[in-house]
Amino acid sequence: ETEFQKYQQFPEFKILNHDMTLTEFKFIWYMEYSHRMWGRVVGLAYILPAVYFWRKGWLSRPMKGCVLALCGLVCFQGLLGWYMVKSGLEEKPDSYDIPRVSQYRLAAHLGSALVLYSASLWTGLSLLLPRHKLPETHQLLRLRQFAHGTTALIFLTALSGAFVAGLDAGLVYNSFPKMGERWIPDDLLAFSPMLRNIFENPTTVQFDHRILGIASVTAIAALYLFARKIPLPRRTRMAVTSLLAVACMQVGLGISTLLLYVPTPLAATHQSGSLALLSVALWLMSELRRVPK
C-alpha cells in the first residue's frame, strides 16, 4: 500500500492509470521488481566468476581485458536501466502525450543489452568452437564481409524495435504490406524539423522498422544463395541455413504481431526472435573467422 501511494504521485497514475486497483498495481510492481533482481543476478553471474578465475590465474592477458570490458558493460547496463526508468517518472506540464519512458533511453538500454549479449556470445564462441582452416579465396573474403554487413543490419533492425516499442508505433498502421491504403503514408514527414520524424514520429518509426526488416531478410536470402556457391564445412553451412530459417520465422512473427494489434506475448516473442536471429548471425561470423598465422 505504501508503494502504491508513492506510485499515485507520478504522472503515469494521474493521467493513464488513475482507476488502477492495488491488485493491478501488484502485477506491474512485481514485473519491475523481478526484472531488477534478474539484472542483479546477471551482474553477479559476470563479476563473481571473473574474480574467481582471475585469482586462480586462469585468464590470459587478452582475456583479462575482455572480462573487464564485459563486467564494466554489465554495470553500465544497470545504470542505463535506472536512467531510462527515471524518464518515465518526470512531470511534463507542457506535454499532452501519454506518460512513458523516453524512447531514446529505451533504445540505449536495449542497445547496451544487445552489445553485452553479442560480446558475451562472441567470446564464448571464440573459446569453444575451433576455427576452420578455410582457403582465403576472393569469394570467401566477400562472404565474410557480407556476413559482417548482414549482422550489422540485423543489429540495427533490432535496435529500431526499441523506438517502435517506446512510441507504441506498432499500433499506428496494422496492415501489411501497405500502411493503410498507401505504400508511403501521408504523415511520414509530419514533424518539423524533418530529422525528428526518424525518432519521434510513430508512423516514420514503424515505416523504418518495416524497411529495415525487409532489408535484413533480403540480405540474409542473398547471403544464403551466395554461400551455396562456395565449398564450406558442414557446421558453417548449417549456420547459413539456420540464419535463413530463423529470418523467415522472425518475419512471420513480425507481420503477425502487426496484424493482430500487438498482443504482448506475441510482441515479446518477436523481440526474442530478433535476439535469436542476431545469435545465429554471430555464430556464422564466428564460423568464418580467419585462422591467425
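Data for the structure
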read-out	value
Carbon + sulfur, % of accessible area of the chain - ligands and nucleic acids excluded, 1.4 Å	67
Solvent-accessible area of PHE53 with every protein chain in place, 1.4 Å probe, in Å² to the nearest 10	80
The chain: DSSP helices with Cα axial extent of at least 24 Å and average Kyte-Doolittle hydropathy no lower than 0.5	61-87, 103-128, 138-166, 202-227, 234-259, 264-287
Highest-MSF residue in the chain out of LEU44, LEU188, LEU171 [GNM, Cα springs under 10 Å]	LEU44
Extension gain from ILE15 to ILE255, taking 0.36 nm per residue of separation minus the Cα-Cα distance	83.3 nm
Along each principal axis, Cα extent of the chain, largest first, Å	65, 58, 35
In Å², nearest 10: area of PHE207 left accessible to a 1.4 Å probe	40
In Å², nearest 10: area of ASP187 left accessible to a 1.4 Å probe	50
Count, lysine Cα pairs under 30 Å in the chain, 8 or more residues apart or across chains	16
Potential extension, PHE76-THR137 segment - 0.36 nm per residue separation minus Cα distance	17.9 nm
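The values are calculated or read from the model by the stated rules, or taken from the named source; none is laboratory data. This is a predicted model, so every value here is computed, not measured. To get the accessible areas, we keep the full protein, side chains included, count just its heavy atoms, and leave off ligands, DNA and RNA. Shrake-Rupley method; radii C 1.70, N 1.55, O 1.52, S 1.80 Å.
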